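The values are calculated or read from the model by the stated rules, or taken from the named source; none is laboratory data. All of these numbers come straight from a predicted model, not from anything done at the bench. Cβ coordinates were reconstructed from backbone atoms using ideal geometry, including for glycine residues, and neighbour counts include every protein chain displayed. In case anyone asks, the SASA skips ligands and DNA or RNA and just uses the protein heavy atoms, side chains included. Shrake-Rupley method; radii C 1.70, N 1.55, O 1.52, S 1.80 Å.
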Amino acid sequence: MAERATAPHDRSEPSARDASGLFTWAVRAGSLALASGLLLLFAGELVLERIVLPLVARFATGDGVVDADAVPILRRLLGVIRTAALVGGVGALAYAWLGRRVPTWLGPDGDTAGDATGDTCAAPLVNPAPSGMERLLVVTSVLLFTSLCVPHLDRGMSYDEIFTTVNFVQADSLWGTLSGYVVFNNHVAYSVVARFSGIALGEAEWALRLPALLLGAAAVWATWRLVRVLRGPQTAGLVCLLLALSPMAVAWSSSARGYSGLLLCAVLSTGLYRRALLLPCRRTRWMWIATGSLGAWFHLYMVFVIAAQLLHLLTCAAGRDGGAPIAHAFAGSRKLTARAFLGVWTAAPVLLGVTLLLYAPVAPKLLLAIADRPPGPFRPSFPLDAFAALSGLLPPLTPDTPVLTSSAAWLLVPVALLALAGWARLHKASRETARLALLSAGLPLLTVWLASPYDLYPRFLLFLLPFHLLLVAEGLQALGDGVQRVNTRTVSLLVVLIASAALAFTWRHTIRHDVPEEGIRDAALAMQADLGDDVLLCAIGGGAELFRYYVDGDVLVPETLDDFNQAAAGATQIRCAWRRTPWEPAAHTAIAQRLMRDGDTRRFGNVTLITAPR
């Protein structure tokens, strides 16, 4: 066990008196936000008619007249601002009250690790060096993960990837990348790194996806580091290996999207948060702020990670005898102190401020997009879909697949039982760690399920994967413990290996068959084969304009049936790529049905290529 060094109290660390100024400002800001929200709640129409519409007419339109179609959008925008003001106001007031009240629940700080210079990071928590077997397992896991991802880097780009590349990664300037927003698609941080990757390595598919692979591989290593501190080397090695084999991690670490960046930042943030509780340190808190805001820049769902950590902090502060013990696999448990609480609590507004600063370029378009996009239908099965996706039992790149029709649906019950047994084992070993796992998984899942945003897919919850696999790994060990009570250790180990192998075999099938070609590239290449002068190339269906990414010449994307008829009048042959979606224009459906009556069809993933004579 690492020995604890002692030092005089670090006066550079925040005290209740030092934080009082911050809490006073929080009360003022919260009161102002709450008053603004109440004003919009009770006089929103008056504000819209007397203030907003005249301002828009004067500064945002050329003729001084507001388009009638813009009025409902502005009304919804005011609704978004009203909700944000009310929630933010109440949150700021609660933040200030808790910041003043909670430290009084906690005991004195006592001795703290550090030195006389005031930098408590000078004597960090000492973890035993990994054994040779541990190092071999981690390196093997990272290499295995990389080997599973690399074959998928060069596949054709999917709709979301092309949309991101065309609109954000390949924007005319870096400012266009930072400020571009159309729908909930621009993972800004990933668009930035993909832009630089494209400049350095070219704009081939593998170059645009390479940052995702590197972020995912780093997440495998970071997860091992986190779980090793939480639960020790044995559990850490198992979770690391499971993450390396996870279909969800492999799929989104070989796609030009920001989910693997979110995963990495969530793991790093959790580790830094716990370190800040065990050993208060300014450097650790600034690193926590940096990883939290960077994770939010990759994907806004990072806010759930931070919210879960702050709720966990409050539950620890409310523990018996003034602060719950914070577990550490090697240094023992340390009780939460007022100093540690205030360190994290006062850093949270800084994290929020940095995140808002990063999103400032895109904020106007983001707010308008939220206002213009109504809530989606309630999905009763979403928690089950998310659990199946995290468990590798649902195709990761085809989110609309019903979970019960999946070929691996029979594994839902065994995996669920493993996770429950794992949580019970974790709770018995460390209630504080079990609460963190429960809050980290339950808060985001319950919130998005009940809120039912328009865009909601299991992949948004990829950051839950390490905690999910921790519970599965604990469940496998609980299974081994149960068998060992009635049999030998060898039989126990054999049972765990068989269960792990069955899960890995299922995941292997998922990785091989469910990281598919969407078909846009292959259909576009087939369209251009043996192309004559009188051949009309067209694209229809949802996102049809994105076929132009892979086509060198002109591609017709008709808005109406008349547009198509006029363009086809002088053609001897029509080649039309149809990406069928529920939200495609009705004219595109009619064109596809008409061409299919007399034409030949070929299927490329989700795309049907129709070749028909004029």
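Counting only protein heavy atoms and using a 1.4 Å probe, the accessible area of T235 comes to about 0 Å².
Sorted on the mean count of surrounding Cβ atoms within 10 Å across their residues, most packed first, peptides 132-138, 277-283 read 277-283, 132-138.
Couplings 3J(HN,Hα) of region 525-541, computed from phi: 5, 5, 4, 8, 5, 6, 7, x, 5, 9, 9, 8, 9, 9, 9, 9, x Hz, in residue order, whole Hz [Karplus 6.51 cos²θ - 1.76 cosθ + 1.60, θ = phi - 60°; x for Gly and Pro]. Could you tell me whether region 544-614 comes out rounded, prolate or oblate from its Cα gyration tensor? Rule is a ≥ b ≥ c as square roots of the eigenvalues, rounded for a/c under 1.5, then prolate if a/b exceeds b/c, otherwise oblate. Cα axes put region 544-614 in the rounded bin.
Its relative contact order, with pairs defined as Cα atoms under 8 Å and 6+ residues apart, puts region 540-614 at 38 percent. Sorting I306, I370 on solvent-accessible area from highest to lowest, probe radius 1.4 Å, gives I370, I306.
Phi-derived couplings, Karplus 6.51 cos²θ - 1.76 cosθ + 1.60 at θ = phi - 60°, listed residue by residue for region 278-295: 6, 9, x, 7, 4, 4, 4, 5, 5, 5, 5, 4, 5, 5, x, 5, 5, x Hz, with x used for Gly and Pro.
Taken along its three principal axes, the alpha carbon spread of region 141-192 comes to 37, 20, 19 Å, from the longest extent down to the shortest. Computed on protein heavy atoms with a 1.4 Å probe, the accessible areas place W345, W449, W206, W286 in the order W286, W206, W449, W345, largest first. Taking amide H positions as modeled 1.01 Å from N, with prolines and chain starts lacking one, the residues under 5 Å from K335 and 5 or more places away or on another chain are I326.
At 1.4 Å probe size, with the rest of the protein present, what percent of the exposed accessible area of region 518-592 is carbon and sulfur atoms? C and S atoms contribute 47 percent here.
Considering only alpha-carbon pairs that sit under 8 angstrom and 6 or more positions apart, the relative contact order computed for region 243-332 is 25 percent.
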